[in-house]
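The values are calculated or read from the model by the stated rules, or taken from the named source; none is laboratory data. If you're wondering where the values come from, they're calculated on a predicted model, not measured in any experiment. Don't worry about glycine lacking a Cβ; one is built from the backbone with ideal geometry, like all the others, and counts go over all protein chains shown.
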Ligand SMILES: O=C(O)C(=O)C[C@]1(C(=O)O)C=C[C@@H](O)C=C1
């Protein structure tokens, strides 16, 4: 075969490629129309029986030279691609999506603008245990010029026999200490039943990892006008996390802060595995501020500082960490809370790090 013949055949292939391209795009448009009809009917996009029927029809008409397995493979890819395209289109329509709103959402809590650039800090004890305990931590936070405190009044624990939190009493302590020290209160609410009452005491509703897909709670929080800090579920994909945030926003509440807190993997060196790449992915895919909880992701005091630095370096809008006046007698999370001198040194190091790398706040 000479060079001229080769060129002729290649130009035929170029022509066919363009024809195939035109046809698969035309096909994709029709699939999109079918998708819209199916959406109205509330039926699933994926239809294996229809796919079987189409493959059988192709088999009937396949005169080769491609064998049937190859034809099936190519067409299964075409079916899949069209469905994927529809999914991608749907994702762009999410209210939390960056494609829907290009500008960053800034959540104002007690004058702290979360997501405005530079990290915000949420420190405090794992659980509210007493007025004195919360006050000791709160003083140390406000001495640093910070504006937020966290603390759990309702504690979802692995064992029902572990300390379950002080409940309403805990919320009262948080509010009183918060007001005295000028701090906004971030606290977890675990059931829609407690939400309304809690609103009088708190500044941010935290929805914890175990409740990330508690859709009733998400909807209730979405129906309030309080900022919501939503933690990523223990085994949630980023896509599931984004959809959980969508539940909140779909009810009208746009003040959502996402929080990566580590996911469960086979790794045992840390309590969970900090999925640090989730931070830039969430920031690309959504317009919401993203924080990192270094305490629950690592479960190790010695890893709090390097992981907080990593969070800031990768562009997180905030860092969350636990502080207790005497961690060895804490009613929960003894291994991972910082005592106050350790907390002082930790925050100093963070500030030095931010200065060194010119991270403004
Ligand atoms: O015919 C449909 O119901 C479609 O949604 C279209 C289509 C296709 O690509 O042809 C898409 C996905 C389904 O699994 C089956 C068929």
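Does residue 151 qualify as being surrounded by 24 or more Cβ atoms within 10 Å (Cβ to Cβ) and within 20 Å of residue 109 (Cα to Cα)?
Details: surrounded by 24 or more Cβ atoms within 10 Å (Cβ to Cβ): yes; within 20 Å of residue 109 (Cα to Cα): yes.
So residue 151 passes the test.
Would you mind telling me which numbered condition in (1) surrounded by 15 or more Cβ atoms within 10 Å (Cβ to Cβ); (2) assigned to a loop (DSSP other than H, G, I, E, B) residue 118 fails?
With (1) surrounded by 15 or more Cβ atoms within 10 Å (Cβ to Cβ); (2) assigned to a loop (DSSP other than H, G, I, E, B) applied to residue 118, the lone miss is (1).
Quick one: count up the residues across the stretch 37-52 that are more than 9 Å from the ligand (Cβ to nearest atom) and either in a helix (DSSP H, G or I) or touching a helix residue (DSSP H, G or I) at 6+ places or on another chain (Cβ under 7 Å) (or both).
Step one: of the stretch 37-52, the residues more than 9 Å from the ligand (Cβ to nearest atom) are 39-42, 52.
Next cut, either in a helix (DSSP H, G or I) or touching a helix residue (DSSP H, G or I) at 6+ places or on another chain (Cβ under 7 Å) (or both) only: 39-41, 52.
Residues in the stretch 37-52 being more than 9 Å from the ligand (Cβ to nearest atom) and either in a helix (DSSP H, G or I) or touching a helix residue (DSSP H, G or I) at 6+ places or on another chain (Cβ under 7 Å) (or both): 4 in total.
Out of the residues in the stretch 325-341 that are touching a helix residue (DSSP H, G or I) at 6+ places or on another chain (Cβ under 7 Å) and under 22 Å from residue 142 (Cβ atoms), state the one that is surrounded by the most Cβ atoms within 10 Å (Cβ to Cβ).
The extreme case among them is 337.
Quick one: which of 260, 254, 267 is loosely packed, with under 15 Cβ neighbours inside 10 Å and modelled with pLDDT of 95 or more? So that I can check it myself, show each step before the final result.
On the way: 260 fails: loosely packed, with under 15 Cβ neighbours inside 10 Å; 254 fails: loosely packed, with under 15 Cβ neighbours inside 10 Å.
Criteria check complete, one pass: 267.
This table checks each residue for (1) modelled with pLDDT of 95 or more; (2) within 21 Å of the chain's Cα centre (by Cα); (3) not assigned by the TED database to the domain that holds residue 247.
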position	(1), (2), (3)
145	yes, no, no
158	no, no, no
206	yes, yes, no
217	yes, yes, no
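Yes/no per residue for (1) away from the ligand (no atom under 16 Å from the Cβ); (2) in contact with a strand residue (DSSP E or B) (Cβ under 7 Å, 6 or more places away or on another chain); (3) over 29 Å from residue 199 (Cα atoms):
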{"site": "87", "(1), (2), (3)": "no, no, yes"}
{"site": "110", "(1), (2), (3)": "yes, yes, no"}
{"site": "121", "(1), (2), (3)": "yes, yes, no"}
{"site": "133", "(1), (2), (3)": "yes, no, no"}
{"site": "142", "(1), (2), (3)": "yes, no, no"}
{"site": "167", "(1), (2), (3)": "yes, no, no"}
{"site": "173", "(1), (2), (3)": "yes, no, no"}
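Could you look through the stretch 53-75, keep only residues that are in a helix (DSSP H, G or I) and touching a helix residue (DSSP H, G or I) at 6+ places or on another chain (Cβ under 8 Å), and pick out the one that is nearest to the ligand (Cβ to nearest atom)?
In the first step, residues of the stretch 53-75 are kept if they are in a helix (DSSP H, G or I); the result is 53-61, 68-75.
When the remaining residues are screened for being touching a helix residue (DSSP H, G or I) at 6+ places or on another chain (Cβ under 8 Å), the result is 54-55, 58-59, 68, 71-72, 75.
On the way: 54: 6, 55: 11, 58: 12, 59: 16, 68: 18, 71: 15, 72: 14, 75: 9 Å.
Here the answer is 54.
Which residue pairs have Cβ atoms closer than 6 Å, lie 6 or more positions apart in sequence or on different chains, and pair a first residue in the stretch 94-107 that is without any contact (Cβ under 8 Å) to a residue 24 or more places away in the chain with a second residue that is not in a loop (DSSP other than H, G, I, E, B)?
Every condition considered, the pairs that remain are 99/92.
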